[in-house]
1. How about segment B:169-178: which of its residues are assigned to a loop (DSSP other than H, G, I, E, B) and either surrounded by fewer than 20 Cβ atoms within 10 Å (Cβ to Cβ) or in contact with a strand residue (DSSP E or B) (Cβ under 9 Å, 6 or more places away or on another chain) (or both)?
2. From (1) in contact (Cβ under 8 Å) with a residue 60 or more places away in the chain; (2) within 16 Å of the ligand (Cβ to nearest atom), pick out the condition that doesn't hold for B:V114.
3. If I ask for residues that are in a helix (DSSP H, G or I), away from chain B (no Cβ under 14 Å) and open to solvent by 10 Å² or more (accessible area, probe 1.4 Å), which ones from segment A:228-261 would you list?
4. List the helices (runs of 4 or more DSSP H) inside segment A:115-226, counting only whole elements, that have at least 1 residues being within 14 Å of another protein chain (Cβ to nearest Cβ), open to solvent by 30 Å² or more (accessible area, probe 1.4 Å) and of a type outside the set (A, V, I, L, M).
5. Please go through segment B:49-86 and pick out each residue that is at positive phi and in contact with a strand residue (DSSP E or B) (Cβ under 6 Å, 6 or more places away or on another chain).
6. If only one of B:N57, B:N105 is within 30 Å of A:F69 (Cβ to Cβ), open to solvent by 20 Å² or more (accessible area, probe 1.4 Å) and part of a loop (DSSP other than H, G, I, E, B), which one is it?
7. Going through segment B:33-47 one residue at a time, which ones are among the aliphatic types (A, V, I, L, M), in contact (Cβ under 8 Å) with a residue 12 or more places away in the chain and within 14 Å of the ligand (Cβ to nearest atom)?
Amino acid sequence: MNSNSTMTTVMPHAIAKPAVTPLALVGLAAGLAVAVGAAFWFSDYHLFQLTMVVVYAIAILGLSIVTGFNGQISLGHGAFYAIGAYVTAILMDKYDVPYFYTLPASAVVCAGVGFLIGLPALRLGGLYLALTTFALAVAIPQLLKHKALEDFTGGVQGIVILKPDPPFGLPINGDQWLYLFTLGVGCIMFLLAWNLLRGRIGRAMRAIRDRAVAAEAMGIDIAMLKTRTFAVSAMFTGIAGSLGAIAVQFVAPDSFTVFLSIEFFVGMVVGGAASIGGAVFGAFFIQFVPNLADQISKAAPGAVRGIILIIFLYLAPAGMAGLTRMAIRRLRRPKPTGA
Amino acid sequence: MNSASTSAASPSVANEGSSAALMSVQGIVVRFGGVVAVGGVSFDVGRRQICGLIGPNGAGKTTLFNCISGIYKYNEGDILFEGNSIRSTPRHRMAGLGIGRTFQNVALFRSMTVRDNILVGAHQLGKSGFIANALRLPFVRAEDERAEAKTDSLLDLLDLRKVAEELAGGLPFGWQKRVELARALIGEPKLLLLDEPAGGLNHGEVEELEGLLRQIREHFDLSILLVEHHMNLVMRVSDKVVALEFGIKIADGTPDEVRNEPEVIRAYLGESDDDDSH
Ligand SMILES: Nc1ncnc2c1ncn2[C@@H]1O[C@H](COP(=O)(O)OP(=O)(O)O)[C@@H](O)[C@H]1O
């Protein structure tokens with residue numbers, strides 16, 4: 001080992017790892033082309049389903065940032081989805097704000113709420129956050145129905161909003177535009193998340209998740225980083241809520257029960273908790289597995305969904321992302337190094 | 001401990017060559033309930049000095065180590081680092097002061113790659129926040145590239161190149177220890193705290209470690225404080241040795257001086273001087 005200092009000069013960081021391999025870039029471009037092409041291949045109803053896949057993918061990505069990457073369990077991310085949806089619906093319905101301007105507003109509100117909830121709960125430790133967020137998710141539908149807020153929220157009736165028209169006289173219909181708009185926002189959100197998670201801040205998030213004491217010794221301010229991570233996570237899921245509201249053109253308290261939070265959680269786990277790509281898979285899963293279950297058994301679709309979920313997690317305990325990583329490792333190196 | 005200031009003023013035997021002490025432990029007292037774990041210990045660590053902290057089990061080494069690394073708060077006395085008290089420094093600021101550390105049983109980020117583990121060590125050198133990172137502004141990119149370049153040279157120095165993309169948790173123990181060392185070194189510490197670096201290593205690895213510690217001191221121009229059971233290693237590698245027993249300092253000097261100190265011989269009576277079973 002004594003001779004290694006000379007090696008430093010002989011091979012100065014020879015094999016710097018590229019951020020994206022050419023193969024991944026090609027795959028990404030192809031995926032994007034297919035996603036855009038889908039706007040012209042699918043019927044309006046299927047396009048709506050795909051729009052919701054993008055929406056859910058952003059929501060699950062938000063949850064994955066805090067739970068998968070930072071190790072803080074949130075059981076109530078549906079609450080932020082609901083808040084985002086209502087911010088958009090109220091701004092559009094009561095204040096005639098154009099739909100795209102409601103997104104930054106929703107981002108600010110959800111990040112703020114996330115920060116305020118994260119601040120005390122995160123200091124108390126992981127399980128308190130899980131319970132606090134769960135309580136929030138349980139309370140949200142009732143809050144939205146509350147008399148005091150009825151003028152804004154429309155109470156039990158909810159709010160109907162107008163379907164946006166395609167801009168600039170584009171020769172596409174409303175559903176196609178809605179899908180492409182959502183896809184565009186989705187791409188931006190995924191790019192932001194990818195940047196955030198691969199750099200200094202993302203590494204710090206994962207370091208806290210893996211070994212907090214050591215993370216602190218490396219100079220990471222744990223309370224600060226966790227709180228901000230939670231705020232960012234709430235912001236992502238909130239923006240998804242806004243996009244969801246625009247896509248459905250309707251918000252009502254009972255669309256945002258605690259089951260929504262559980263769906264997001266399932267989507268995250270199925271995709272692979274700490275995976276950006278996994279969020280997309282998770283979104284497909286929670287969007288299409290209910291349909292699939294319905295086709296298999298009209299009588300007990302819930303049971304079928306449960307069985308599908310269990311079988312899937314049995315086959316891929318680390319989610320789709322874990323399965324993919326394992327496959328890549330196998331391909332790269334036929335003889336896996338042990339230990 | 002009123003003698004704290006005088007002990008700082010009188011340079012210790014092994015301190016010649018270094019002008020002012022890098023770190024000065026001044027009459028530290030730590031109590032756990034009724035137990036006095038450390039009962040008023042003073043010593044200095046000079047610049048570029050390797051200082052060994054020894055003593056039988058229960059002597060208070062770990063407690064003192066945890067005070068210096070900011071994990072425990074001390075009841076009395078003070079610890080000065082470059083002349084400033086670290087009493088109220090939050091734990092996450094220690095790295096920024098220039099105090100790096102490793103952990104007794106290795107505390108790596110197990111599900112992260114070796115490369116990412118080392119990169120986390122560079123966290124405190126960076127300044128970029130959430131928004132700058134999400135937008136990956138040019139200065140974030142530059143910051144990352146600098147950290148990557150330093151990581152690469154540490155991978156070479158510590159012979160970790162071929163496991164750079166492996167998950168840290170899957171490596172053999174001896175390798176994990178080197179990853180931890182690299183992770184501490186990338187943060188450019190002025191003082192490196194090593195908690196039983198030889199623990200769990202085999203004979204050959206301990207010999208490599210000895211060379212490595214010297215090399216690190218030369219290469220990075222830093223001081224090392226090591227708590228270590230492995231007496232051979234401590235005596236060979238240290239410029240200065242501090243011996244504790246029952247929370248009290250019983251000797252402080254060059255390895256030869258400490259080895260021949262009657263108190264030390266008495267404290268270690270019955271324990272093998274060639275204790276390399278650890
Ligand atoms: N967290 C603690 N709570 C109570 N007593 C402790 C604690 N840590 C250490 N001690 C006591 O302090 C004394 C010194 O322990 P320690 O610093 O671990 O010694 P060493 O590292 O030299 O073996 C021992 O008597 C031990 O029982």
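1. Step one: filter segment B:169-178 for residues assigned to a loop (DSSP other than H, G, I, E, B), giving B:171-172.
Listed by number, the list holds a single entry, B:P172.
2. Of (1) in contact (Cβ under 8 Å) with a residue 60 or more places away in the chain; (2) within 16 Å of the ligand (Cβ to nearest atom), only one is false for B:V114: (2).
3. A:V248, A:D254, A:S255, A:V258, A:F259, A:L260
4. Qualifying helices (runs of 4 or more DSSP H): A:174-198, A:200-210, A:212-217.
5. B:G55, B:G60, B:G77
6. So the residue among B:N57, B:N105 that is within 30 Å of A:F69 (Cβ to Cβ), open to solvent by 20 Å² or more (accessible area, probe 1.4 Å) and part of a loop (DSSP other than H, G, I, E, B) is B:N105.
7. So in segment B:33-47, the residues among the aliphatic types (A, V, I, L, M) come out as B:35-38, B:41, B:45.
Still in the list and also in contact (Cβ under 8 Å) with a residue 12 or more places away in the chain: B:36-38, B:41, B:45.
Matches in segment B:33-47: B:V36, B:A37, B:V38, B:V41.
Conditions tested, residue by residue: (1) farther than 24 Å from B:T63 by Cβ; (2) touching a Gly at 6+ places or on another chain (Cβ under 9 Å).
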site: B:L192; (1), (2): no, yes
site: B:D195; (1), (2): no, no
site: B:E207; (1), (2): yes, no
site: B:E210; (1), (2): yes, no
site: B:R217; (1), (2): yes, no
site: B:D221; (1), (2): yes, no
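The values are calculated or read from the model by the stated rules, or taken from the named source; none is laboratory data. Remember, it's a predicted structure, so these values are computed and weren't measured experimentally. Note that we place each Cβ from the backbone using ideal geometry, even for glycine, and neighbour counts take in every protein chain shown. Surface areas here come from the heavy atoms of the whole protein model, side chains and all, with no ligands, DNA or RNA. Shrake-Rupley method; radii C 1.70, N 1.55, O 1.52, S 1.80 Å.
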